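Take a look at the structure set out below.
The values are calculated or read from the model by the stated rules, or taken from the named source; none is laboratory data. Because the structure is a prediction, the values reported are computed rather than measured. Here Cβ is always computed from backbone atoms with ideal geometry, including for glycine, and neighbour counts include all displayed protein chains. Protein only, heavy atoms only, side chains kept; ligands, DNA and RNA dropped before computing areas. Shrake-Rupley method; radii C 1.70, N 1.55, O 1.52, S 1.80 Å.
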Amino acid sequence: MGQSAAIYLGLRYSRAKHGSKFTRFINRFAFAGIVVGVAALIVVSSVMNGFEQQLKQRILGVVPQLTVSSANTAGISATDTFIQQLPALPGERAKVPQVSSAGVVQSGGQLRPVLIQGLFPEVAGAAVQWQPLQQHLQFGEIERLQAGGYGVLIGQALAQQLDVWPGDSIRVIAAAGGVYTPLGLMPAQRQFTIVGIVAMQSEADGQLLVMHGSDAARLLRLPDSQVSNVRYYFTDPFQAISAAEYLQQQLGPDFNVRSWRSQYGELFDAVNMEKRMVGLMLGLIIAVAAFNIVSALMMLIQDKQTDIAILQTMGMRKSGIYQMFLMQGLTNGVIGSLLGLTAGVLLAGNLNQVLSLLQVDLSFTGQAGLPVLMQPEQIVTIVLAALLLTLLATLYPAWRASQTQPARALTYE
């Protein structure tokens, strides 16, 4: 009997409804496990990808992704010339000047630490800076952030802590612009008016304070046409990590290159670890289903000892027996993976609607609901992993079936 006969018999055995009820139950349980495991991995991975993408937008969209500052002086002069001399980096969207410093804001007797960001809306590439701020502006008008107006945008969490609203005044204190007096170091400070409140819905809201670059330069007492650093923006903020190492080598020790990882690296490491652990736990569902395939095939082989022996006496080789049971096991894996793929993609694409029908409270996610981001390469990896586990689970039972001895199996028949 040839290869086609082995494949035909393997497919027929996989559809057979007679035999041990327990064997059929284990076989169906394994099949359902593959479907559920693949679908659950696709849905959960897509939601985790969505949350990670939101973190990128809401945190790394408003904090410096990569900055270049002078290691020897307080600022960078001849900004336009310096920016033109900086090397282009992979994935770079823009590089713009910035005035920045750590500081403190005071209002009503309360003090809160902030990261002062002085941005220049008139420079080339500035739209990259202002787009996320405009998109998440909750109160006020971002257009009022003009040079000489001494207005600031602050994060919603910071506004709640200080109990302030647009139109209120706050005192901004920055040690970087301090001057020495007979009484000691006097930090730079000035009254600013809140012109807007931004809700990025992330921990960046608690330290977000944005003003016009010219006002920030005056606060820090920087000379004219001098800025604190140059800020890079990337298509994918994660590209800033590798770009920082390359840029530091190119610029040498006279400049300091710093990426977002120094401040928020632990947060994204925790998110990445959580993704891996959730993927591992859900992957165990597929692994258990694969082990059930082993059990189901071993019991089927025990039930079909006589049939296997008869096929061998009719001329089927050991390789044919091996292929027959390999095909039966792979049938569960292929069909289960495809059904799981279909169910997972459909459920992930309509997850918020399904949860709404089930009356699940999604108020904590905002108006957009749960973020879902399906990555085709990740989905393909999940399906291929399920097929590989199924194949590995089928190899040993198929080999055991091919080792059946016809004389021994037919002794009492």
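Amide H contacts of Q138 (H built 1.01 Å from N, in plane; Pro and chain starts excluded): I197, V198, A199 sit under 5 Å, all sequence-distant by 5 or more or on other chains. The phi-based Karplus calculation (6.51 cos²θ - 1.76 cosθ + 1.60; θ = phi - 60°) puts the 3J(HN,Hα) values of segment 245-256 at 5, 5, 5, 5, 5, 6, 8, x, x, 6, 10, 9 Hz, whole numbers, x for Gly and Pro. Across all directions, the average flat footprint of the convex hull enclosing the Cα atoms of segment 10-162 is 18.5 nm². For segment 369-377, the Karplus equation 6.51 cos²θ - 1.76 cosθ + 1.60, evaluated at θ = phi - 60°, returns couplings of x, 5, x, 10, 9, 8, 10, x, 5 Hz by residue, with Gly and Pro reported as x. First check a/c for segment 136-175, with a ≥ b ≥ c the square roots of the eigenvalues of its C-alpha gyration tensor; if it is under 1.5, answer rounded, and if not, answer prolate when a/b is larger than b/c or oblate otherwise. Note, shape of segment 136-175 comes out oblate.
With kT/(6 pi eta Rh) evaluated at 37 °C and eta = 0.692 mPa s, and Rh the Kirkwood radius from Cα pairs, segment 89-171 diffuses with a coefficient of 228 µm²/s according to Stokes-Einstein.
Secondary-structure-derived ellipticity at 222 nm for the chain, considering helices only, amounts to -17500 deg cm²/dmol, per-run term -39500 (n - 2.57) for DSSP H runs with n ≥ 4. The simple Förster model, with R0 at 30 Å and r as the Cβ-Cβ distance, assigns L338 and A270 a FRET efficiency of 0.30. For L373, the residues 5 or more places off, or on other chains, whose built amide H falls under 5 Å of its own are V47, N49, G50. Positive contributions from Lys and Arg (+1) and negative ones from Asp and Glu (-1), summed over other residues with Cβ under 13 Å from the Cβ of Q239, come out at 0.
For segment 185-334, the alpha carbon positions stretch 98, 37, 26 Å along the principal axes, listed from largest to smallest. With a cut-off of 16 Å on the backbone N, the residues of segment 190-207 near the modelled label site 7 Å out from Q146 along Cα-Cβ are 193-196. Once you have a ≥ b ≥ c as the square roots of the Cα gyration tensor eigenvalues for segment 213-254, tell me rounded if a/c is under 1.5, and otherwise prolate or oblate according to whether a/b is larger than b/c. In terms of gyration-tensor shape, oblate. Of V271, V360, the order by accessible heavy-atom surface (1.4 Å probe, DNA, RNA and ligands excluded), from most exposed downward, is V360, V271.
Within the straight-line cut-off of under 12 Å between alpha carbons, the aspartates and glutamates reachable from K21 are D303, sequence neighbours fewer than 8 places apart in one chain being disregarded. As a size descriptor, the averaged projected area of the C-alpha convex hull of the chain was calculated at 28.5 nm². Between T313 and A127, the distance separating the two model label sites (each 7 Å from Cα on the Cα→Cβ line) works out to 8.2 nm. Phi angles of segment 194-201 translate, via the Karplus equation with coefficients 6.51, -1.76, 1.60 and θ = phi - 60°, into HN-Hα couplings of 6, 10, x, 10, 10, 10, 7, 6 Hz per residue; Gly and Pro are given as x. Between S225 and R190, the distance separating the two model label sites (each 7 Å from Cα on the Cα→Cβ line) works out to 2.1 nm.
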